[in-house]
1. First compute the accessible area of segment 408-464 with a 1.4 Å probe, then give the percent of it belonging to carbon and sulfur atoms.
2. Give me the extension gain from Leu465 to Gln441: residue separation times 0.36 nm, minus the current Cα-Cα distance, reported in nm with one decimal.
3. Label Glu521 and Met566 with points 7 Å out from Cα along Cα→Cβ: what is the distance between them in nm?
4. For segment 421-468, count all C-alpha to C-alpha pairs, find those more than 18 Å apart, and express that count as a whole percent of the total.
5. Per residue, how many Å² of accessible area does segment 470-519 show with a 1.4 Å probe?
6. Given an 8 Å cut-off on Cα distances and at least 6 residues of separation, report the relative contact order of segment 435-578 as a percent.
7. Leaving ligands, DNA and RNA out of it, report the carbon-plus-sulfur percent of the accessible area of segment 179-261 at a 1.4 Å probe.
8. Quickly rank 550-557, 185-192, 387-394 as a protection proxy: mean count of other C-beta atoms within 10 Å, highest first.
Amino acid sequence: MVKSLYYTAISASLALLSSSGCQAFTASRPVIKTTSSSRHINHHQLYNNIGSKGPSLEFLEKMGVKEPNDVARVRLSIISVEEALQMYKDAKTAEERERLLGPLREKMMEAAMGTDSNGASNGSSSAVVTPPVAAAAAPSVLADAPNIEVEEVAVPPPPTTTVSAPIVVQKEEPKTDNNNNPAAPIPEDIASLDDVTLQLSTAAMRLDAQTVSTLLQSNPGIHLDEDTTNAAFRAVVNAVDRAEARDQPIPPTVPQMLHHIFDADLQHLLTREKITKNVTCMMPQTEGLTTHGLNYVFDDGEHKNLPLEEGRKCEDGNCCDKCSRNIFPTFAQEDEINFDTYPGLNTLTFNELEKVSAATIIQFMRLIERVRRTMAHEYGLDLKTLLPLQAYSRKYVAGTTQKGGGGGEGDFVTLHTDEATHGGYHYSCVIYLSTQGEDFQGGDFVFNDPKDPDAPAEDFRHMSLEEQLRRTGRKLTPFHPTRGAAVIFSSGWENMHEVEKITHGIRYAVPAFFTTCPVPEAAYDQMVAGKPKTDEDIADDWLHLLLAHRPESPMEGAGRVRELLMKWHYMCTPLSMH
């Protein structure tokens, strides 16, 4: 039954192609029979009954499709194909159409191949045996599109979630949405679904952020599951690409849905493994500067000998009195840091975005915002008081020496304290994009602490003199980097650290540094467009500060990045949190 619904979806997509005059596909209007009805469905019928939100309930009911779960899957399949097709139609050049042809074919195949290898429909809890008539129908559809090459590939399933019991949406709707505006009623076709997870999935795929807000507020304890969150993210990227192809502004639904995605990302992360060590906050002694203190100014090797006392320096900021080290073995999933999906993710800097895809830019923002929200949660900070000061991808190459500041290649990082490097660095993070032992050798991230006086002596005689000096009186705690892992810690002298020398290969990582120093109000007044006051303003900031893909001078780029970092909170949260 369900598999035939996906053949219905592919039939609709071919109808859309042929009606659009798309020369990459030449399709007549063949007939497909569903397994649930003896009626025949031709392309013209489907095309006339799809509409902007997928097939109407009345039409699907006539075709024998009545189960809410089946209705949702048919709709999502067709909407997905429609979006890819619209981007193809909007392409202005042959090269752009050629680039979009692959994703379009992929969406059509996803719609047609809606079951797994065992014959169980995606999202279905039981196997479905497809009658021969449906299996025979599929080749007849694809045969009318001779330019489509059918391969045996693993097709990602549509976003669905299996729950132990249906969750019924409460009848009473909230009075306001996240921006304190009157909440919009849930569209009738979404409200007809009897499971809130399907309602959320359908609304998210449509970028219907208002409905998502209403559903989340009406159902405390429910949030977007990971499949739905990732599907919503793909819909966001498609919407941005479509706006750019049409040379149009980014619709406000894009940042609105991103705000929901950012919320969901933190909820997902809090369910994963975390290894925490609380440490005593430390800062340089405020009185009696010693010879060690003076040496520290001129010699990195003396950093570990700087006299310290308990407390947080947190220059000009509002840090909490808690200090710690947190390791997240799975901070980012593998598909979130895939260099094929997000080309240039491992070399990205905010100063050079002209040739970086929208998908990569938004994904990088997503990762850094996940760090910011995790820090606020870990240290009990008001989210709006925490802003990134610097975040970039860094490449460490065996046998090279770093030249210049952050971001330059090198094969080690000397012992240092982040807050000593920059007084505004109050909380730090490193996200790893490479795995030790696979992509590179050496390159441990090491916390370097004073040794416990009661700890047994170690034998360093087999080590070099340099290594003996490094280890004497110190306790070294190494972390072996793996793709997707992250280390988050307070930036004070309690967390002196270094990166050991890389002996082979390339090590990619994303260091990010956050401050609690407030931005002067006068800084916003000096901007061409100050703090955003509407959802449209937020969308404009996303476009002009990140996604415009325009050439700019180094000075223009530096100014844009400065404004981006100061406006970060306003761009990444709804108006109600400003």
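1. 51
2. Computed gain between Leu465 and Gln441 is 6.4 nm.
3. Taking the simple label geometry, Glu521 and Met566 are separated by 1.5 nm.
4. The answer is 63 percent, as a whole percent.
5. On a per-residue basis, 32 Å².
6. Relative contact order comes out at 28 percent.
7. 48
8. For the peptides 550-557, 185-192, 387-394, the packing ranking is 387-394, 185-192, 550-557.
The values are calculated or read from the model by the stated rules, or taken from the named source; none is laboratory data. On a predicted model such as this, the values are computed, not experimentally measured, just so you know. Glycine also receives a Cβ, built like all others from the backbone with ideal geometry; neighbour counts cover every protein chain displayed. Areas reflect the complete protein model, heavy atoms only, side chains present, ligands, DNA and RNA absent. Shrake-Rupley method; radii C 1.70, N 1.55, O 1.52, S 1.80 Å.
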